Structure formats: structure tokens, C-alpha cells
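Since every read-out is calculated from the coordinates, none of them should be taken as a lab result. Values in this document were obtained by computation on a predicted structure and should not be read as measured data. Using ideal geometry, Cβ is built from the backbone for each residue, glycine included, and neighbour counts are taken over all protein chains shown.
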Amino acid sequence: HHRAMSALPKVYVTRRIPPDGLDILRKSGQVQFELWDSDDPVPRVELLNKVKGCDGILCVLTEKIDAQLLDVAGPNLKVLSTMSVGYDHLSLEELKKRGIRVGYTPEVLTDAVAELTVALLLATSRRLIEATHEAKTGGWGTWRTMWLCGHELANSTVGILGLGRIGVAIAERLKPFKVKKFIYTDVEPRTELANMINAEYVSLDELAKQSDFLAICCALTPETHGICNWNLFSKMKKNAIFINTSRGGVVNQEDLYEALSTGLIAGAGLDVTTPEPLPTHHPLYTLKNCVILPHIASASYTTRNAMSALAANNLLAGLRGEAMPKELKL
Ligand code: DGY
């Protein structure tokens with residue numbers, strides 16, 4: 001009895017994940033797992049201690065999976081499953097070198113992220129946060145002809161930086177708002193996806209110049225790090241609304257602050273920042289035309305459970321030596 005137990009692959013789960021994923025792990029009978037049973041990230045020292053000798057790790061995006069951690073984990077480690085579609089917290093090169101397979105969670109969060117992106121876009125362009133603040137703090141004097149005017153989607157050009165599943169889903173949702181034109185840029189044309197939303201491929205320069213709304217939907221990589229900088233903002237329209245639901249690292253925040261505070265662009269909605277959490281004293285919070293959300297784009301009950309279930313199933317399949325439901329090609 002004891003032998004059978006100790007023969008089960010050892011797994012460390014770095015966070016209290018939504019119930020669906022935990023149920024799958026428990027009921028599988030396939031692994032013995034330990035859980036950092038908290039809503040807050042596991043301290044690095046504790047993490048390094050716990051991954052020693054593990055066969056599998058299920059993590060979230062706050063854990064840096066780098067050479068140091070992989071060295072400490074040791075040669076038993078076969079599978080790393082992240083409960084996220086983003087993988088900028090993983091050293092892919094180091095994982096590949098060690099032959100460790102990686103699972104992630106694309107698709108299951110696309111609807112939730114697209115929905116939140118539209119909500120953030122409208123909240124920013126129609127100044128909803130400013131408006132509710134005015135209403136409850138006595139700023140609502142009377143109906144005024146130009147008060148709290150914003151920019152509308154009707155007849156606009158919407159630009160997408162990084163056209164993937166999420167960019168397409170955003171465009172599909174925005175289309176009924178009578179958007180005139182969708183444009184996008186990427187490392188190369190993505191014709192199949194672009195055709196779904198009738199989007200035109202343009203250069204980054206043209207994207208900046210033509211967009212009334214610019215949605216950032218790319219992965220954070222060395223190539224996209226800081227790609228939204230002064231060079232980009234200075235080419236944008238004065239009425240432009242900038243929306244980022246990808247990763248904070250794609251934005252140069254000092255340049256964004258300058259662009260917003262000098263009226264170079266009209267507004268920004270950010271669900272992601274550098275760092276996270278963004279300290280409450282950060283200058284971006286002082287700007288009325290900047291709406292900041294605490295990284296909640298995938299935060300629906302359904303989606304977070306689906307992500308946790310997929311992460312669990314990726315992990316279990318990987319440990320069985322089978323194809324994962326969603327495996328990252330390294
Ligand atoms: C992801 O999955 O990468 C998001 O940032 C969190 O859902």
C-alpha cells in the first residue's frame with residue numbers, strides 16, 4: 001500500500017487554484033500533490049524548497065520558472081503546466097534544454113478576455129470611471145452640452161497589435177458597434193485570422209497613424225518588449241484610445257504617461273502594468289484619462305475554472321507521457 005503511494009508522481013501546485021482543476025487532480029488518483037493553499041503567491045524560498053524532486057509543477061503567472069528553479073527541481077521534472085495563456089514568466093529555452101514539456105491554457109479564456117477588453121475600451125472612451133466619480137462627489141451640476149464627452153466606436157478605425165485568437169474575438173464583438181475598418185499588424189500577415197474579421201494588414205507605423213482605437217493583443221516577447229513607446233504614441237491620433245489587455249511589459253509606461261498627460265492621445269485603458277500590482281503612488285493613477293484594472297481580463301467564474309481544469313488535464317496527460325490537450329511547442 002505504502003509503496004504504491006510513494007510511486008505516484010510528485011506534483012507541486014503553486015497556488016490555490018479554482019475547484020474544477022483541484023477536483024481533477026484529486027480524482028485522478030494519478031499524482032500525489034502538494035498545494036500552496038493561499039490566494040497569494042508562494043514565497044520564492046518556499047517554492048524552491050517545494051519543487052525539489054517533483055515530477056510535475058502546476059503554476060500561475062506570478063511564478064518565475066527559470067534556470068535556478070529548474071536546477072533546484074532536478075531531473076525528475078517532466079511537466080510544467082501553467083494556468084495561463086501567457087508564458088512570459090517561463091524560460092522556454094531552459095525548459096526545452098531539459099526536455100520538460102509545457103502546458104498552457106489558450107482558447108478557454110478568449111471570450112472572457114475579449115469581453116473585458118470591450119468593457120475597458122468603452123469605459124475609457126466614454127469616460128465611465130470619471131463620470132461615476134463626478135456623479136457621486138457633487139460634480140454633476142446640470143446637463144451640459146460638452147461635459148464628459150468621449151469618442152465613439154461608430155465610423156472608427158480599430159487597430160489590433162498582434163492578431164491572434166483574442167484580437168479576432170475583440171473585433172467580432174466590436175463590429176456591431178459600427179466600426180468602419182479593422183487594421184492590424186504582426187510579424188507577418190495572418191491571413192486566415194484576418195479574413196474572419198475583414199482586417200487589413202498594415203505596418204506598425206500605419207497602425208499608429210490610422211487607429212482611433214488601438215488594442216494590444218500580442219504576447220510579451222523580447223521583440224514586443226516596450227514596443228508601445230514614444231515612437232508609437234507620437235504617431236497616434238489625438239483622439240486615439242489605447243487599450244492593453246496583454247502584458248504590461250509591451251508598454252513603456254513613462255512614455256505612455258507623457259502621451260496621456262500632454263494630450264498626445266486621448267486615453268488609455270490598462271488591465272496589465274509593470275509591475276503588478278502597480279503601486280498606488282504611481283503617476284498613471286493621477287490621470288483622469290487612464291483607466292487601470294488589476295489584471296482581471298480572464299476573471300469570470302466559468303473561465304477561471306476552465307483554465308484550472310485545462311491546466312490540471314495538461315499536467316496529467318504530460319505525466320502519462322501522452323499528448324497534452326494544450327501543449328506549448330518548444
Ligand atoms: C493569462 O492567462 O496569461 C492571463 O494573463 C491571466 O488569465
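For this structure, a couple of remarks:
- Per-residue ellipticity at 222 nm computed for the chain from its helices equals -10000 deg cm²/dmol, with DSSP H segments shorter than 4 residues left out and the rest contributing -39,500 (n - 2.57).
- Sorted largest first, the spans of the alpha carbon positions of segment 182-284 along the three principal axes are 44, 27, 19 Å.
- Taken over the C-alpha atoms, segment 1-91 has Rg and Dmax values of 12.8, 41 angstrom.
- Each 10 Å bin from 0 upward holds the following percent of the Cα-Cα pairs of the chain: 6, 24, 29, 22, 13, 5, 1, 0.
- Counted by neighbouring Cβ atoms within 10 Å, the residues Y257, Y104 run from fewest to most as Y257, Y104.
- Applying 0.36 nm per residue to the separation of L148 and K64 and subtracting their alpha-carbon distance, the gain on full extension is 26.0 nm.
- Highest-fluctuation residue, G53, G248, G159 considered, GNM on the chain with Cα pairs under 10 Å: G53
- About the centre of its Cα atoms, segment 174-273 shows a dipole size close to 480 debye [charges on the beta carbon of Lys, Arg (+1) and Asp, Glu (-1) only; nearest 20 debye].
- Coarse-grained scattering of segment 36-144 at q = 0.11, 0.14, 0.24 Å⁻¹, given as base-10 log I(q)/I(0) from a Debye sum over alpha-carbon atoms: -0.53, -0.68, -1.28
- Using 0.36 nm per residue and subtracting the Cα-Cα separation, the extra length available between T274 and T191 on full extension is 26.7 nm.
- Scaled against the 2.2 N^0.38 Å expected of a compact globular protein of N residues, the Cα radius of gyration of segment 110-292 reads 1.00.
- Förster radius 41 Å - calculated FRET efficiency between S234 and D23 (Cβ-Cβ, nearest 0.05): 0.20
- Between S300 and R44, the modelled label-to-label distance comes to 3.7 nm, taking each label 7 Å out from Cα in the direction of the beta carbon.
- Approximate spin-label separation E254-K136, in nm, with each point projected 7 Å along Cα-to-Cβ: 3.6
- Among 69-75, 14-20, 210-216, the order from most to least packed when residues are scored by Cβ within 10 Å on average: 210-216, 14-20, 69-75
- Length added when fully stretched, K96-L204, from 0.36 nm per residue minus Cα-Cα: 35.7 nm
- Positive-end residue, the chain charge dipole about Cα centroid, Cβ charges, pick of L90, M196, A266: M196
- V272, V45 arranged by Cβ crowding within 10 Å, fewest neighbours leading: V45, V272
- Scaled radius of gyration (Cα, divided by 2.2 N^0.38 Å) that segment 254-330 gives: 1.65
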